[in-house]
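The values are calculated or read from the model by the stated rules, or taken from the named source; none is laboratory data. Model, not experiment: these values are computed from the prediction. Quick reminder, even Gly has a Cβ in these numbers, built from the backbone with ideal geometry, and neighbours come from all protein chains shown.
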Amino acid sequence: MNLLQELLEPTGDPDGWDAYGDEQKERVGFFTDTSVCIGCKACEVACKEWNLIPEDGRVWTGESYDHTSQLGANTWRHVAFVEQRKPLIGDGNGDGSTGLRWLMESDVCKHCTHAACLDVCPTGSLFRTEFGTVVVQQDICNGCGYCVPACPFGVLDQRKIEATTDPPPAILGRKEDGRVWKCTLCYDRLKGGHEPACAKACPTKSIQFGPLEELRERADARLAKLEAEGWNGAQLYGRDPDDGVGGFGAFFLLLDEPEVYGLPPDPVVTTRDLPEMWTNMLAAAGTLLVGVAALTFLGRRG
Amino acid sequence: MPSLGTSFGRGGATDFQQDLQNSDCIVIMGSNMAENHPVGFQWVMEARERGAKVIHVDPRFTRTSAMATKHVGIRAGSDIAFLGGVINYILQNNLHFAEYVEHYTNAPVIIDEEFADTEELDGLFSGWDPEQGEYDVQTWMYEGMEVHGAAGQREEGFDPTKGEQSGHGGGGSGLHHGEPPAEDPTLQHPRCVFQILKRHYQRYTPDFVAETCGCSVDDFVEVAEALVQNSGRDRTSAFCYAVGWTQHTVGVQMIRAAAIVQQLLGNMGRPGGGIVALRGHASIQGSTDIPTLYNILPGYLPMPHTEDYGGLDGYIAANTSPTGWWGHFDAYFVSLMKAYFGEHASADNDWLFESLPRIDDDNSAYFTVQQMLEGNVKGYIIAGENPAVGHANGKAHRLGLAKLDWLVVRDVVEIESAAFWYDSPEVESGELKPEEIATEIFFMPAAAHTEKDGSFTNTQRLLQWHWQAVDPKEDCRSELWFYFHLGRLIKQKLEESEDERDKLIKALRWEYPTHSAIREPDAESVLQEVSGWEIGSGKFLSGYKELKADGSTACGCWIYSGCFKEGINQTARKKPHWEQDTYVAPEWAWAWPDNRRLLYNRASADPDGNPWSERKRFVWWDAEQGEWTGLDQPDFDQQKPPDYVPPEDAEAEDAIAGDHPFIMQADGRSWLYVPQGLEDGPLPTHYEPHESPFDNPLYSQRANPRRQQNKDLAEDPYNPVANEPGSDVYPYVVTTYRLTEHHTAGGMTRSVPYLAELQPAMFCEVHPDLAREVGLEHGGWATIYTSRSAIEARVMVTDRVRPLRMKDGRTVHQVGLPYHWGKRGLITGDSANDLAHMALDPNVHIQEVKAFTCGIRPGRRPRGPELPKFVAELREQAHSRREQDPRVEPEELRKTSS
Amino acid sequence: MREKLHPLSDLNGKPPGTTSWSGSITEAGTDMRSYYGRPIVKEPTWTWEIPAYFFTGGLAGASSVLSSAARISGNETLARRALYIGAVADLVSPALLISDLGRPERFHHMLRVVKVTSPMNLGSWVLLVNGGATTTAAALQLLGKWKPLRIAASAVAALAGPPLATYTGVLVADTAIPVWHEGRQELPWIFGASAAASAGAMAAMFVPPRDAGPARRLAVAGVLAEGALMQAMELRLGKIGEVYHEGEAGKFSSAAKGLALAGAALLARRGRKSRTSAVLGGALVCAGEVCLRWSVYKAGFQSARDPKYVVESQRRRAERDGTKATTKPGDNPAPPSRGA
């Protein structure tokens, strides 16, 4: 029941993380600083190489230089490209006369402090690691898909192509993988004392990996610097432990409002309202019981 | 890189990318560094974080521009006008670094009175020979210095080789002795380089720049100001360029223009300064150092040619500069012969010089293609190249390949150049019929870099070793394996031969140990040979200074000598910079020459040997120790004091004074003005691209007079240009480029799912105004056409490609085309290079794919036989009108129709 | 692999998600209030089995209550038939759920844990209990054996029934999909009412009118209640609720209303006299309930597909509660000491 407790009176800590006791490690995460992202997509490729993620389709979208489009079962890092007629700094620059800027942002699973996907997972396949991150156990996941709509960021998705690992038994005649996949923050690399593949590959330190504490301080300093330099629209996203998901394990420095990058402006972990929903349901259930009884006894048989 | 070679003495990037973090201002021009050199670009970002200005001057707003603090859009191909403007801005306002310019450059040198400038001859320098269509460089010389006889002889009727030979300071060999005979330290003499420069660029005013480049006066001045304010004793600025400059008919001169700016501002040889030449391929620098070029031997030693030198001595004399490090040419050459032929090469047989093959003609790639088309080439080996997609006018290449007897293609996948005979636009259109192509094609699967040991020489002359990670699959083999066993088998077959022509092959040392089941040669044993050893003792050489001309040393490439010193593979050192004392990190891999990271670094100290400033201290003279010291290996005689004055009879490096940092140059100075070594002039001049919608605002001489054209080649027709009638058929400027997601001709990336999905289709980038003008819709299709061919592409309508307003009120629209696609691989598309022509830069024979003209219309291109018909109709329409026009000047009469 | 290409033609040449468009992707980006109109939250991966289960699960749950109530009130016929109906529904339900899984062979992983934060997990347990109890009771009823055990089983089923009938409301509400999550107050009630209606209607079909009074009353009451609740929910949802009037959700929603009301009316007026009317009326109501489930189901997809629902609902909430996920210059972020 401690999970429900967690919901009723949330502490700032990731749900279930404290259960590790002595084996608990320092909470780590990403600080993705879009002000130095050059849009090289090395993170996308490094991620796929390391995690053996299948290709995600070859479709020319016409959406600037982004042909990956969104995070999903087969894309765990996604670089967004937004072209704007706005100067990067102050009221002139970029293209000089007109003022152009080209926003690039490498999106990833947020590894929420309060993770809806983890909460709603009926099998316990999604779990909180000793590093405070959220990971899907592929040997447990039965592809119920509940976490997919539960995630406020649309990160998780079901892999609807042939299984690359641990295929389903032939008897059912299915070839589809059918399980749900997402960023593991390179759990295997963390176990081995390495930083995640995307951070390792990032040439400009746009993707910074480290203890969340440290990253948050670094981010505050960075924001102050950009403000001093007059950057337009600079803001941290998911850095604040008081937000609707208790702060992101992977947070961002953006140069425009979150929705411009396809991110929810004020995400809330849906299970925050679960106690209310349960009470509500019990009331409805009780009413149903009483109601049916009443309608049976009151009034005639035929 | 003759531009840097002639200006400074070595044909390589003068600085290392890590040093960019110390720049106060970085000008990226002719390069899309963030997209094509993302790893090195981290140091530009580092500089930006430290408050440096990052300026990107480019026709397009790219991922580099997005990171820059300033982007200036200019018309593709107008770079010399822009840089000339900067030079003029500096000179007119006396903003040059006086002390630096006076001591370290050839500004004070007085030039031959016969010399006449383009300003006097309406776009031509003195010595132009209309018949030959080339320059006689006699009059470009320093006053009182006759051209080096043998050098002259070397040039005679043999211009095409000049370029690369000049690449590594070959130009220096034109000078007789160190100090130029006539100088004016006050820089006042009307014929001194400084004054010539002033006159040459006086018309490059801010207004002229704005009108010619299509940028605003303010933008130009802002850039010029930024450069000036961030140069001098206390600050330094750097230039970064790539093939955005090289790939023009005036490419070498564009780079020269930047070299002049950097000399005037005193940014050469100093931390955070210099000119960083960014190379596209993994080891393209290496492939000119140890060349895949036909006209030079390793270390930029000229390949002997058919003219009579009067034997070995003549050859050596012709290429030895009495002063500077080229004074030891004989040692470099003899050591190379000993490396090649071991005991077979001896003083008695002139080290087999007489048996060396001779070049009797231009054998550059594009010339060879013409020869193929004329049926003069029997066989061709293609390795690490995909001409059918990567070379200008891909159609001409494919048609040429179809005329070979045999073709060998070595690549990791079956690229277009191997599959052209059954899968190419020409097969589609019926111009080629598989059953009629007689060419026998051998596809040899190659091993990838992860499947073999070896070294890359990167953009900053750094040799970095890599180890094999996995065995090559199936019958894939490394280049080393292929050429070693090929040589071995040939030697076997010729064992019995008494033929004179086989003598060399029989004499070849070919002893490399092999390992593993496939008998892979030991790559390190090759590196050892490249680095060199003392033949008697077998002791490894520590550097080129130990090379001897008496045959007692063997060295496969003199500039690489020392990369295996003390028997240690220096290139395999991987100690990260954070574990070393300085950011220079000398223990990470090994750089030529002599592990120097920042070339000409003696210039980081003033003439007296003290740092120009505390902030910019790098290498300086330590009076107590009596030697040069600092953060880097001094690029200077370690013990030569700053006040050293060479005696009259001094030779080689001893003839270089203590305050002349450019030790490869015969006079120890950098060259603002290049008296010898370049085909198309001692100073950069604005010429229009071979194909452009404009006349030359300066001269009636529209384009580079020395550019190489294929006047009689039916496969390479040109568009009408400027105001010629018919030019309106091809009214737009097109520029081609690469994307981060793909590698050049795409052979290595279009076949990799993880990369293919990131940029899955060929597209063109156009401005909304152009889209409206011709009715293109974002996400739809466009057909782009030139006299050569037509291609189709998805349409990306974006503000990132700006239209430019020119002086006559005309608006010039530019079309951006990535060139990665072809018919093979996971993602296919038309090749942008099919549109390009084969007019070349005269120094390095590079195609002009960064600026030419095209037409564009909505919709997909015609299919099958309709395609060539479509192209021909437009071409005829344009050309017929052009030929009837009397205004077309004969001088400009370029081949017009096929 | 999800379809990544936006059908530009469908958007009259406009890039998706843009408010204005003069042909340049740059101008589009400047005006963008979403990322090229791409969804922010993912649509569920669920297929038809899920809404079908919402119906069968509800039917099973409410039927087991009806059955026990009827038995206590001495209406044996109704009790039996309702029990059998519930049993059948209870057998169909797990089949539907399992076939929707990406990895059906791992269905039992649902029962690895008991997890109160996962409505689907608790639901699985409830379904197990109710299903087990009902089918046991039904089997014993058929065999006419072990009465005490049958009674016990029926009792368990009766208690597990209401949760089974209502938890699915929480199941969908406990997601990030605006129209579902924001409807969390009403959904369990709506699903409960719908369950009651379908149980009553189904019984009315299979029980002779002279014994089916309670069933008819239940059906009519359920329909009325659910109709009122739907109205209330849509009113409260405001703009987010508009998906109930658009696309497939809209179609199913109006079909639901029409069918259910018609069926209820028929049951109320002639259900007692004519068996035919009872069967027809019951069928109509059941059809209506199926449509209701489908409209709620489809509404979720539509709500997820268009990012404006996420953005607008969150922007509104943020303004109302002063919450936010961003830290702008000048804000002083909470000290990092928390949350790590």
* **Residue check, residue B:708 more than 21 Å from residue B:259 (Cα to Cα), surrounded by fewer than 20 Cβ atoms within 10 Å (Cβ to Cβ) and among the polar types (S, T, N, Q)** => no
* Scan the range B:68-103 residue by residue and report those that are surrounded by fewer than 23 Cβ atoms within 10 Å (Cβ to Cβ) and in contact with a Ser or Thr (Cβ under 7 Å, 6 or more places away or on another chain). => B:88, B:97
* Could you please find all residues in the range A:142-152 being within 7 Å of chain C (Cβ to nearest Cβ) and closer than 23 Å to residue C:306 by Cα? => A:145, A:146, A:148, A:149, A:150, A:151, A:152
* Unique match (being within 7 Å of chain C (Cβ to nearest Cβ), outside any helix (DSSP H, G or I) and in contact with a Ser or Thr (Cβ under 8 Å, 6 or more places away or on another chain)) among A:236, A:253, A:288 -> A:236
* **Selection count where residues are of a type in the set (Asp, Glu), facing another protein chain (nearest Cβ under 9 Å) and within 18 Å of residue A:212 (Cα to Cα), scope the range A:21-55** => 1
* Asked: Hey, does the range C:218-238 have a residue that's closer than 20 Å to residue C:80 by Cα and in a helix (DSSP H, G or I)?
  -> yes
* To do: Go through the range B:414-470 and count every residue that is buried (at least 19 other Cβ atoms within 10 Å of the Cβ), free of Cβ contacts under 8 Å to residues at least 24 places away in the same chain and in a helix (DSSP H, G or I).
  => 1
* Say whether the condition of being under 21 Å from the mean Cα position of the chain (by Cα) and part of a loop (DSSP other than H, G, I, E, B) is met by at least one residue in the range C:128-137. => no
* From the options B:722, B:790, residue that is away from chain A (no Cβ under 11 Å), free of Cβ contacts under 8 Å to residues at least 60 places away in the same chain and either more than 26 Å from residue A:56 (Cα to Cα) or surrounded by fewer than 23 Cβ atoms within 10 Å (Cβ to Cβ) (or both) -> B:722
* For the range A:253-302, enumerate the residues that are surrounded by fewer than 17 Cβ atoms within 10 Å (Cβ to Cβ), of a type outside the set (Val, Ile, Thr) and over 29 Å from the mean Cα position of the chain (by Cα). => A:282, A:283, A:286, A:294, A:297, A:298, A:299, A:300, A:301, A:302
* Name the one entry in B:777, B:741 that is outside any strand (DSSP E or B), of a type in the set (D, E, K, R), touching a Cys at 6+ places or on another chain (Cβ under 9 Å) and within 13 Å of chain A (Cβ to nearest Cβ). => B:741
* Which of the residues spanning the range A:102-125 are in a loop (DSSP other than H, G, I, E, B), in contact with a Lys or Arg (Cβ under 8 Å, 6 or more places away or on another chain) and at the interface with chain C (Cβ under 10 Å from one of its Cβ atoms)? -> A:114, A:121, A:122, A:123, A:124
* Residues located in the range B:852-872, provided they are surrounded by 14 or more Cβ atoms within 10 Å (Cβ to Cβ), under 18 Å from residue B:817 (Cβ atoms) and small (Gly, Ala, Ser) -> B:855
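Let's see how each residue does on (1) under 30 Å from residue A:156 (Cα atoms); (2) buried (at least 24 other Cβ atoms within 10 Å of the Cβ):
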| residue | (1), (2) |
| --- | --- |
| C:72 | no, no |
| C:82 | no, yes |
| C:128 | yes, no |
| C:160 | no, yes |
* **Complete set of residues in the range B:209-223 that are surrounded by fewer than 22 Cβ atoms within 10 Å (Cβ to Cβ) and more than 14 Å from chain A (Cβ to nearest Cβ)** => B:211
* Structure fact -> Filtering the range A:126-141 down to residues that are within 11 Å of chain C (Cβ to nearest Cβ), touching a residue at least 24 places away in the same chain (Cβ under 8 Å) and over 16 Å from the mean Cα position of the chain (by Cα) yields A:138, A:139, A:141
* **Lone qualifier among C:258, C:300 - being within 22 Å of the chain's Cα centre (by Cα), crowded, with 18+ Cβ neighbours inside 10 Å and of a type in the set (Gly, Ala, Ser)** => C:300
* Structure fact -> Across (1) buried (at least 23 other Cβ atoms within 10 Å of the Cβ); (2) touching a Pro at 6+ places or on another chain (Cβ under 7 Å); (3) not aromatic (Phe, Trp, Tyr), residue C:282 clears everything bar (2)
* Evaluate the following for residue C:317: is it of a type in the set (D, E, K, R), part of a helix (DSSP H, G or I) and within 14 Å of another protein chain (Cβ to nearest Cβ)? => yes
* Asked: Do any residues in the range A:167-180 that are facing chain C (nearest Cβ under 7 Å) and part of a loop (DSSP other than H, G, I, E, B) have Cβ atoms under 6 Å from those of residues that are modelled with pLDDT under 85 and buried (at least 17 other Cβ atoms within 10 Å of the Cβ), where the two are at least six apart or on different chains, and which pairs are they?
  -> A:168/A:174
* Quick one: residue B:568 ticks every box in (1) surrounded by fewer than 19 Cβ atoms within 10 Å (Cβ to Cβ); (2) modelled with pLDDT under 95; (3) not basic (Lys, Arg) except a single one, so which number is it? => (2)
* Among residues of the range B:477-490, those that are surrounded by 15 or more Cβ atoms within 10 Å (Cβ to Cβ) and more than 34 Å from the chain's Cα centre (by Cα), counted -> 0
* Asked: out of contact with any Leu (no Cβ under 6 Å at 6 or more places or on another chain), surrounded by fewer than 22 Cβ atoms within 10 Å (Cβ to Cβ) and farther than 19 Å from residue B:325 by Cβ - does that describe any residue in the range B:647-665?
  -> yes
* Regarding residue B:771, is this residue within 30 Å of residue B:37 (Cβ to Cβ), hydrophobic (A, V, I, L, M, F, W, C) and either in a strand (DSSP E or B) or within 14 Å of chain A (Cβ to nearest Cβ) (or both)? -> no
* Enumerate the pairs (first residue in the range C:110-125 and more than 7 Å from chain A (Cβ to nearest Cβ) and farther than 18 Å from residue C:94 by Cβ; second residue anywhere and hydroxyl-bearing (Ser, Thr, Tyr) and not in a loop (DSSP other than H, G, I, E, B)) with beta-carbon separation below 6 Å, excluding pairs fewer than 6 apart on the same chain, so at least 6 apart or on different chains. => none
